[in-house]
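The values are calculated or read from the model by the stated rules, or taken from the named source; none is laboratory data. What you see is a predicted model; the values in this text were computed from it and never measured. No Cβ is skipped: glycine too gets one built from the backbone with ideal geometry, and neighbour counts run over all protein chains shown. With ligands, DNA and RNA removed, areas are computed over all heavy atoms of the protein, side chains included. Shrake-Rupley method; radii C 1.70, N 1.55, O 1.52, S 1.80 Å.
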Amino acid sequence: MRIDVLADSDTRWKWGALLAGQLCPEGGADVHAHLLRGRATPTGRQLAEVGVSPASLRETTVADFLADAAEPGPGGLADADVVVLALVGGGVQALVHGLARAWRGRARRPVVVTGYVGVVYEKLTDGLLLRAGADAVLANSAFDARRFRDLYGPLGVDTGSVVRAALPFLAGTGERYRPSENRPFTVCFAAQPSVPEPRDARLHLLERCVRHAELHPDRRVLVKLRSRPGEHTTHLEEHPYQRLVSRLGRPLPANCELVYGNMGEVLDRTDLLVTVSSTAALESLQRGIPTAVLADAGVREALGNHYFTGSGCVTSWDRLDAGHLPAADEDWLRDQGVLDPAPYEGLRKRVAELRALPAMPPLSPYYTAENAPAYLPGVLARYGLAPDGSPLPTAARTGAESAGPRRAVRRALAQGARGAYRMGVQHVAPAIRRWGQL
């Protein structure tokens, strides 16, 4: 099965690549990677960290991706069995419109799959309707599937497109947690790029990690960071923890360190996972690791930790310092898909049924020029598309890179103008916003 994944960040590439593997659990997936050029295009290190080696890898733009989709002939994008749109909601809406136009009138086309890379704790209606029109919109739990169908049904969206699945890294049985006498008790704080966002709140969390290490010299405290300086993730990080270390006024204790790398490998040596609302909490819970969701800054929608209400995991650094180890509620875990032994059977069935049809139905996005004339054009224009789904004359193209053999993206990532652009987004723009508040 050929599966093409279009991703716009490191997190979404990880989701799309692992999802492709779940579609073919016996190893029969031929995965082709398309990385959308933009602020958060993954670096070579971030790609390698995922641990998936695609059959081909290229950087692209929306216009180039649609041009490839419209090009007939074997071996091309239109010849794929499945296209996974691992994008933010607006990107999915733009690509569904563009692909609907590119494949109009064709009896055979790829199955289009999309979904969410983490828990859905905000903008439920907006995000879901932007994803409507794909053949399969994945819900990561029974709880999400109910919410998605309850929203789609009254608005006339096909509820059959909602497919219950799980976050890909929760789909395996995984290595169950067992305490080890061969290493110190290890506490891992899973940091997030934008939660919490204010510098003082982030500094508070870093100080509490240090304090925990000082209070428990027999423990090891890991501050797990998403990206190295200069790299970007799905969300902007205005105050990286690496820089906040200098504001502590003292060096990190010997038993406290900043770490990078694959989250699963870090969890292999973790005895207590601490976070504000990272999806790493779900991966930790699936392994049976004691998991703490912090309420130090409140339990609020803006933080996303309200999603874990009822999990038994919401607590504070003070309680953790005193030795508390949260115990998760199993009914909550089951409803959130954490304990589902076979979460991808529904998706495999949906894809097989669509591929078996004599003629595929046309893609039908929810938003049209008729029902959303004051909203849709702006969404599409942000991705270089006209209201009819065609590329605008000013749409970005990869130029010479799109001609001839498909050149590997690795040698072009994080260099030249891209580095300057990222510096502007990560450092200059936040400074200008802060000056504007003075």
Anyone know which of 126, 271, 340 comes out most mobile in the 10 Å Cα GNM of the chain?
-> 126
Please check which bits of the stretch 113-134 a label hung off residue 146 would reach, taking the label as a point 7 Å along Cα-to-C-beta and the cut-off as backbone N under 17 Å.
-> 120-121
Classify the stretch 325-396: rounded, prolate or oblate, from the alpha-carbon gyration tensor (a ≥ b ≥ c, eigenvalue square roots; a/c under 1.5 rounded; otherwise prolate if a/b is larger than b/c)?
-> oblate
Under 1.5 on a/c is rounded, so check that first for the chain, then, if it is not, pick prolate when a/b is larger than b/c and oblate when it is not; a ≥ b ≥ c are the square roots of the alpha carbon gyration tensor eigenvalues.
-> prolate
Over the Cα atoms of the stretch 151-206 the radius of gyration and the largest Cα-Cα distance (Dmax), both in Å, equal 20.2, 57
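Which of rounded, prolate, oblate describes the stretch 262-366, given a ≥ b ≥ c as roots of the alpha-carbon gyration tensor eigenvalues and a/c under 1.5 marking rounded, otherwise prolate only if a/b is larger than b/c?
Here the stretch 262-366 falls in the prolate category.
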Show which aspartates and glutamates lie in cross-link reach of residue 349 when reach means a straight Cα distance below 13 angstrom and same-chain residues fewer than eight apart are skipped.
-> 135
The chain, Gaussian network, Cα under 10 Å: of 303, 357, 95, the residue fluctuating most is 357
For the chain, modelled as a GNM with alpha-carbon contacts under 10 angstrom, which of 107, 328, 63 fluctuates the most?
-> 107
From phi via Karplus (6.51, -1.76, 1.60), per-residue ³J(HN,Hα) for the stretch 19-35 in Hz, x at Gly/Pro = 4, 4, x, 6, 5, 10, x, 8, x, x, 8, 9, 8, 10, 9, 10, 9
Assuming 1.002 mPa s and 20 °C, estimate D for the stretch 25-138 with Stokes-Einstein, Rh taken as the Kirkwood radius over Cα pairs, in µm²/s.
-> 140
Sparse-neighbour loop sites [trypsin sites (Lys or Arg not before Pro); the stretch 299-354; at most 15 other C-beta within 10 Å; DSSP] = 300
Excluding residues fewer than 8 places away in the same chain, name every one of the aspartates and glutamates whose C-alpha is closer than 12 Å to that of residue 224.
-> 257, 265
Could you state the accessible area per residue of the stretch 295-367 in Å², with a 1.4 Å probe and every protein chain left in place?
-> 50
Helix 142-152 sits off the longest principal axis of the Cα atoms of the chain, rounded to the nearest 10 on a 0 to 90 degree scale, by 40
Spacing of the two label points (7 Å from each Cα toward its C-beta) at residue 56 and residue 108, in nm = 1.7
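If you keep only loop residues by DSSP, which chymotrypsin sites (Phe, Trp or Tyr not before Pro) in the stretch 249-329 have at most 16 other Cβ atoms within 10 Å of their Cβ?
Numbers: sites: 260, 307, 308, 317; in loops: 260.
For chymotrypsin sites (Phe, Trp or Tyr not before Pro) across the stretch 249-329 that sit outside H, G, I, E and B with at most 16 neighbouring Cβ atoms in 10 Å, the list reads 260.
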At 7 Å along the Cα-to-beta-carbon direction for both residue 309 and residue 396, put a label point, then send me their distance in nm to one decimal.
-> 3.9
